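Only the coordinates and a few stated rules stand behind these numbers; no lab work does. Since we're looking at a predicted model, the values are computed, not measured. Note that we place each Cβ from the backbone using ideal geometry, even for glycine, and neighbour counts take in every protein chain shown.
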Amino acid sequence: MLRAEDNKFLTESGPGTGMGELLRRFWIPVLLSEELPELDGEPKKIIVLGEELLAFRDTRGVVGLIDQYCPHRGANLWLGRNEECGIRCVYHGWKFDTDGRCVDMPTSYPDLNAKDLIRIKSYPAREWGEMIWAYMGPADAMPELPDLEMALLPASHRYVSKKWQDCNWVQALEGSIDTAHFTFAHLSFDKEENEILDIKKHFVNPIARMSSDHMRWIAEDPRPVIKIAPHAAGLTIAGGRLTGRDDIYWRIAQFLMPFHAYAPSAMPGENIFGQTFVPVTDTNCWIYTYAWNPERPLTQAERDAFDRGNGVIAEVGDDYVPLRHNGNDYLIDRKLQKTRSYTGIKGVSEQDAAVQDSQGPIADRTREHLGPTDLGIMHFRKVVMELARALQQGEPPPQVAHQDRYAVRSGACVTSKAKDLSAVMLERFGDVTGFVGRPRTAAAE
């Protein structure tokens, strides 16, 4: 449970807010690279952390991210002509480059050099891992881009998409680091409508890429033991479930500051899934979703499966809005809810979105009653709120100086009950934090 003022502090992301200023100290995905496919092509209106911006790719292929509105008379530059390394306003012809400089002002006398006095808001933009990232913080505090493993690998090893969600980014992220909800939100079974559900009898594995034993252990143990381990880039959040033997089935997620989360299900050699939660306003967000395989290129069959929706990757339209979304009640099927799943909704991503959106545009955390399986969420809130308050006192977040420590993995394993989390991490990843460093294949292809 949070006090109302703390919930407000946690969930606000606009300019000048405590959490908003913390987020701005990190590089932020704002578009997929494929959304600006052409030199001098159509610009894109975007809203990031409550700020209305315009993104465009200029004649050189450089991406600019500037204020949407011309400083002359306030016309929207989205209407403008993308030409010769700049956006020209169609109202009076003022032209701006990717750095926000006014490079032409036809309405002024040339000898006055008035254009040299005009500059609009602009943010540095970089392309990394098939996403366009922006840095919206103080220029003298700009960090390196994060060493996310999926971005370090060749493009053939990864798949990148995004999805729209109708809720505050925090509750969406909290869902991603909550391993306990899988027992119900993503459970499948097969029974007749008039039968009483007996999970031992009716259990069905809903995810073909996961072992039936693993899914059964999730289904039969709704109370995983949660272990937390802080590290230089964020938090390891592990959930251990009973197997009925002398082993524990561990599902190990990663939270990376300030808004990245990796799913906990991958066994060695399997594809790893991640998400990055970017506020649009305080009541909606874009979630960048990706899968990667450190050991091999993804197959065409895998890419086709991702296009149809797989794991945290939603099936989306051309506008990246999920086909099953808040506006159509996620196409919930009440008959299937009685005979096949708790939710009656198709897709892990869509099941997550449904319950997260149902908490309201901004979840009211004053009404919560948290328990032992919510330990990861408690730690996440504590970390980000303490860092935001420290920044208000002039102390920058330490993670910005450790972007090289973001090359970590999440995943699953089955190991002895006698091992503590450090030993489990060392056995599964070769490092107690899951750190793998820059891959040898990064320079290949």
Charged-residue dipole, Cβ positions (Lys, Arg, Asp, Glu), the range 27-140 about Cα centre, Debye nearest 20: 320
Quotient of C-alpha Rg and 2.2 N^0.38 Å, computed over the range 149-443: 0.98
Hey, can you grab everything whose amide H is under 5 Å from the amide H of Lys162? Only 5+ residues off in sequence or another chain; H modelled, so Pro and N-termini drop out. Thr289
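Would you mind working out the magnitude of the charge dipole of the chain relative to its Cα centre, with +1 at each Lys and Arg C-beta and -1 at each Asp and Glu C-beta, to the nearest 20 Debye?
My answer is approximately 760 debye.
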Positive-end residue, the range 149-443 charge dipole about Cα centroid, Cβ charges, pick of His325, Leu197, Ala354: Leu197
Using Cβ contacts closer than 10 Å as the measure, can you line up Cys102, Cys85 from fewest to most? Cys85, Cys102
If every Lys and Arg gets +1 and every Asp and Glu gets -1 at its Cβ, then about the Cα centre the range 55-103 yields a dipole, in debye to the nearest 20, of 100
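Of Lys191/Lys417; Lys163/Lys227; Lys162/Lys191; Lys8/Lys44; Lys227/Lys417; Lys8/Lys227, which sit over 24 Å apart, Cα to Cα?
Beyond 24 Å: Lys191/Lys417; Lys163/Lys227; Lys162/Lys191; Lys8/Lys44; Lys8/Lys227.
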Specify which residue in the list Ile120, Phe435, Ala238 is farthest towards the positive end of the charge dipole of the chain, using unit charges on the beta carbon of Lys, Arg (+1) and Asp, Glu (-1), about the Cα centre. Ala238
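Percent relative contact order of the range 66-186, based on C-alpha pairs within less than 8 angstrom and at least six residues apart?
Averaging sequence separation for qualifying contacts and normalising by length gives 13 percent for the range 66-186.
GluC sites (Glu not before Pro), restricted to the range 359-430: which are DSSP loop and have at most 14 other Cβ atoms within 10 Å?
Those that pass, being in a loop and sparsely packed, are Glu368.
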Calculate, in whole percent, how much of the Cα-Cα pair population of the range 27-140 lies beyond 19 Å. 41
Rank Phe182, Trp292, Trp78 by how far each Cα sits towards the positive end of the charge dipole of the chain (+1 on Lys, Arg Cβ; -1 on Asp, Glu Cβ) and give me just the farthest. Phe182
Need one word for the range 1-58: rounded, prolate or oblate. Basis is the Cα gyration tensor (sqrt eigenvalues a ≥ b ≥ c); a/c below 1.5 gives rounded, then a/b vs b/c decides. prolate
With just the Cα atoms of the range 293-406, tell me how far they stretch along each of the three principal axes, in Å, largest first. 53, 44, 30
